2 protein chains.
Amino acid sequence: MNVMVFRALADPNRFGIVELLKEGSLPVGIIAERLELSQPQTSKHLRVLAEAGLVQVEPSANKRIYQLRTVPLQELETWLQTYRRMWEEKFDNLDDYLHQLQQVDNNKDHKE
Amino acid sequence: MNVMVFRALADPNRFGIVELLKEGSLPVGIIAERLELSQPQTSKHLRVLAEAGLVQVEPSANKRIYQLRTVPLQELETWLQTYRRMWEEKFDNLDDYLHQLQQVDNNKDHKE
DNA sequence: GCGGAATATTCCTTGACAGGAATATTCTTT
DNA sequence: AAAGAATATTCCTGTCAAGGAATATTCCGC
């Protein structure tokens, strides 16, 4: 799992851009307008998102249309799958290490 | 979706802690040892993870056992679901806005 | 090619955060 | 109560990233 994706999504403005682009691809100017960001800020955030693979650009006429790339999100879901059993199997949170400590505690109670 | 979760996972060491705790709950000392982090660093990272709701602490004897909380991960998955159709329905990435621009391009071609 | 629109980049400043070292705190045991 | 183990917090420093302003670049229409 690439942590750059998390870093990209960690900024509220960038998260907002992703949420906005979910509804459809947009040029920079519109994104800036919708999120009330300056144009340079928007471009810079889009750069970070692009470097994380979350967006890709499609030049069209005078504008540059940004659209979401789903691949990183799919990878994110794949990563999440590895945790899924933790809440599906209602796994009891105490693991081996805890059980060992439990035995230590029992020894303590035994002594007192 | 709480962006604090992304921020917490954006740091490689914290991501490593989460991955480690997936295998089972552990006290601070062991976490530090496994990831070759200093004890203070580990405590600080665990603090951030706890504030993001990703871990919770369970005092046991002399130690403090940290365990994963799956709730934020479930919320993350729920959030991802809203994007799922984007790659399941093989949605063509060109949206209304793009089609409008396409028409503009057609006009241009028509003129030349 | 020129003017202008749309976007990208640079420079600067400021704030947030990671890491290290030292210290404080908490709990346990005796 | 005292000592020690385990953990948390504080202080400090360096680095990086976000935001604003200005400028550079790219691309279209004429």
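What follows draws every value from the coordinates through simple rules; no lab data is involved. Computed from a predicted structure; not experimentally measured. All Cβ positions, even for glycine, are placed from backbone atoms using ideal geometry, and neighbour counts span all protein chains on display.
Treating the point 7 Å from Cα along Cα-beta-carbon as the label, what are the nm separations from residue A:1 to the other copies, to one decimal?
Ordered by distance, the counterparts are at 1.3 nm.
For label points placed 7 Å from Cα toward Cβ, what is the shortest-first list of nm distances from residue B:24 to its copies?
5.4
Counting only other chains, what is the mean number of Cβ atoms within 10 angstrom of the Cβ of each residue in peptide B:60-72?
3
Let me check I've understood the local charge: for residue B:34, count other residues with C-beta under 12 angstrom from its C-beta, Lys and Arg +1, Asp and Glu -1. What total comes out?
That sum, taken over residues with Cβ under 12 Å, equals -4.
Output the peptides A:78-85, B:53-60 sorted from most to least packed, where packing is the average of other Cβ atoms within 10 Å over each peptide's residues.
Taking the mean over residues of other Cβ atoms within 10 Å, the ranking is B:53-60, A:78-85.
Compute the label-point distances linking residue A:51 to its equivalents in the other copies; points lie 7 Å from Cα along Cα→Cβ; give nm, one decimal, shortest first.
Spacings between copies for this position, smallest first, are 2.4 nm.
Spin-label point model (7 Å from Cα, Cβ direction): what's the residue A:1 to residue B:4 distance in nm?
Result for the modelled spin labels: 1.9 nm.
Give the distance, in whole Å, between the Cα centre of the range B:45-63 and the Cα centre of the range A:73-89.
When both Cα centres are located, 21 Å separates them.
On average, how many beta carbons from a partner chain sit within 10 Å of the beta carbon of a residue in A:2-15?
Mean shielding count: 5.
Take peptide B:76-83, look around each residue's Cβ out to 10 angstrom, count Cβ atoms belonging to other protein chains, and average those counts.
That works out to 4 on average.
Can you list residues whose amide H is under 5 Å from residue B:65's amide H, if they're 5+ apart or on another chain and H is modeled 1.01 Å from N?
For residue B:65, the qualifying residues are B:58, B:60.
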